[in-house]
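Visitor: Mind looking over this structure? Questions follow.
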Amino acid sequence: MQTRIVGIDAARAVALAAMIVAHLTAPTGVAAQLLFGFPAGLFALLAGVSMELMRARPVQFAVRGACLIALHVALVPFAGTIEVVLGTIGVCMIALAWAPRLDSAWLAWLAAALTLGSAALAPSASPYPPLMWAALMVSGMLFARHMPCVPGLVVGGVLFAADVALRWWVALPPLLDASGHTGGLADVVGTVGASLSICSLCCLAGRWLGWLAPLGRMTLTLYCLHVLSAQWVGVWPSLLGAALLAYGWLAVFERGPLESIVRRLVAVVGKVKNEKVGV
């Protein structure tokens, strides 16, 4: 029987809600910086968490990645001004399909190499720099293995705050840039820190965040619906609608509709072995 980590589901819900707010509002000042790049980065790190927890074979991750790319292609014509993130996550998932088999030391070296590679190519021509997103996903794998919740909250929070401060007060060269979506060194490190701090906080407070879990259990479906409806539906109806749909659907079904389809497609290449948690 599968079990779920409530804190991870809650973190997924936070990422989804923050992306909806970022897409449908026009925040200013520090609030704008908090919503610029960090929610999408959290999604990327959580994708790495899922890869580690699933214990799937590389070919199964490749199929999942291909499904995300297909959804990306289908959504883009209807996305308006929204930059769809699924394609970059899908490509990185395929490229990193073998990474969960590495030991933690090699994963740490890989995350460092990807971070430096992203910085060397900054500023990125893509709103979701591929090497940065890969570094986030590898960092998520490491988090899933060690779950350093208190250290992750403290260290990650400091890196998060430092990144926001650098964005606000300091102009850095591209290699070191802290601005969101650039892939600069401070951007990568700060986004990893922000994601780790949010995941750690959600895991520490998991017993009080169970009400967020349904949103986190079907984020793929809800994200796609948000992209399709963003041009006509405001922020509060979007958030409320996502919550109502998640609660209603999961009261009847075990998984969201897109989550079920992807799972069935992955099953074609073999049953997931040693799966520890539902994703």
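The values are calculated or read from the model by the stated rules, or taken from the named source; none is laboratory data. All values reported here derive from a predicted model rather than from experimental measurement. Cβ sites come from the backbone with ideal geometry, for glycine too, and all protein chains shown count toward neighbours. All accessible areas refer to the heavy atoms of the entire protein, side chains included, with ligands and DNA or RNA removed. Shrake-Rupley method; radii C 1.70, N 1.55, O 1.52, S 1.80 Å.
Visitor: How long, wide and thick is the range 166-247, going by the Cα atoms along their three principal axes, in whole angstroms, largest first?
Guide: 45, 36, 20
Visitor: Also, quick follow-up: Determine the shape class of the range 41-88: with a ≥ b ≥ c the square roots of the Cα gyration tensor eigenvalues, call it rounded for a/c under 1.5, and otherwise prolate if a/b is greater than b/c, oblate otherwise.
Guide: oblate
Visitor: Quick one: if you stick a label point 7 Å off each Cα along the C-beta vector at Ala79 and Leu265, how many nm between them?
Guide: 1.6 nm
Visitor: Which value, in debye to the nearest 20, gives the size of the charge dipole of the range 1-159 about its Cα centre, when Lys and Arg are +1 and Asp and Glu are -1 at the Cβ?
Guide: Charge dipole, the range 1-159, about its Cα centre: 340 debye, nearest 20.
Visitor: What span do the alpha-carbon atoms of the range 132-269 cover on each of the three principal axes, reported in whole Å from largest to smallest?
Guide: In descending order, the Cα extents are 50, 38, 37 Å.
Visitor: Residues of the range 89-204: accessible area per residue at 1.4 Å, in Å²?
Guide: Result: 43 Å² per residue.
Visitor: How high is the relative contact order of the range 162-209, in percent, counting Cα pairs under 8 Å that sit 6 or more residues apart?
Guide: Reported relative contact order: 25 percent.
Visitor: Could you tell me the largest-minus-smallest coordinate of the C-alpha atoms of the range 15-147 on each of the three principal axes, in descending order and whole angstroms?
Guide: 43, 32, 28
Visitor: Between the range 238-267 and the range 116-157, what is the separation of their alpha carbon centroids in Å?
Guide: So the two Cα centres are separated by 27 Å.
Visitor: Let me ask something else about it. At q = 0.31, 0.36 Å⁻¹, what is the base-10 log of I(q)/I(0) for the range 101-140 according to the Debye formula with one equal point scatterer per Cα and no solvent? Please give it to two decimals.
Guide: With no solvent term, the Cα-only Debye profile gives -1.00, -1.18.
Visitor: Over 10 Å intervals from 0, what percent of Cα-Cα pairs in the chain sits in each interval?
Guide: With a bin width of 10 Å, the distribution comes to 7, 30, 39, 20, 3, 0.
Visitor: Normalising by the residue count of the chain, find the relative contact order in percent from Cα pairs under 8 Å and 6+ residues apart. Provide the component values of the computation, followed by the final result.
Guide: Numbers: 454 pairs, mean separation 89.1, N = 279.
Across the chain, relative contact order equals 32 percent.
Visitor: For the range 124-208, taking Cα atoms only, what is the radius of gyration to one decimal and the Dmax to the nearest whole Å?
Guide: Considering the range 124-208 through its Cα atoms, Rg and Dmax are 13.3, 43 Å.
Visitor: Can I ask one more? Report the extension gain between Val235 and Arg145 in nm, rounded to one decimal, defined as 0.36 nm multiplied by the number of residues separating them, less their alpha carbon distance.
Guide: That works out to 28.9 nm of additional length.
Visitor: Explain nothing, just the number: relative contact order of the range 85-237, from Cα pairs under 8 Å at least 6 residues apart, as a whole percent.
Guide: 24 percent
Visitor: Just to verify a number: FRET efficiency for Leu176 and Ala112, C-beta to C-beta distance, R0 = 25 Å, to 0.05?
Guide: The formula returns an efficiency of 0.95 here.
Visitor: Right, another one. For the chain, with all protein chains present and a 1.4 Å probe, just round the carbon and sulfur fraction of the accessible area to a whole percent.
Guide: On the way: 9130 of 12600 Å².
That fraction is 72 percent.
Visitor: Now for a separate question. Rank these by accessible area, largest first, 1.4 Å probe: Val269, Val49.
Guide: Numbers: Val269 50, Val49 0 Å².
Sorted descending by solvent-accessible area, the residues read Val269, Val49.
Visitor: Next up: Just to check I understand the Karplus step: with θ = phi - 60° and J = 6.51 cos²θ - 1.76 cosθ + 1.60, what whole-Hz values come out for the range 22-28, glycine and proline as x?
Guide: Computed from phi, the couplings for the range 22-28 are 4, 6, 10, 10, 10, x, 10 Hz.
Visitor: Between Trp168 and Ala32, what is 0.36 nm times their sequence separation minus the Cα-Cα distance? Round to one decimal in nm. List each step's numbers first, then the result.
Guide: Working: separation 136, 0.36 × 136 = 48.96 nm, distance 1.04 nm.
Contour length minus Cα-Cα distance gives 47.9 nm.
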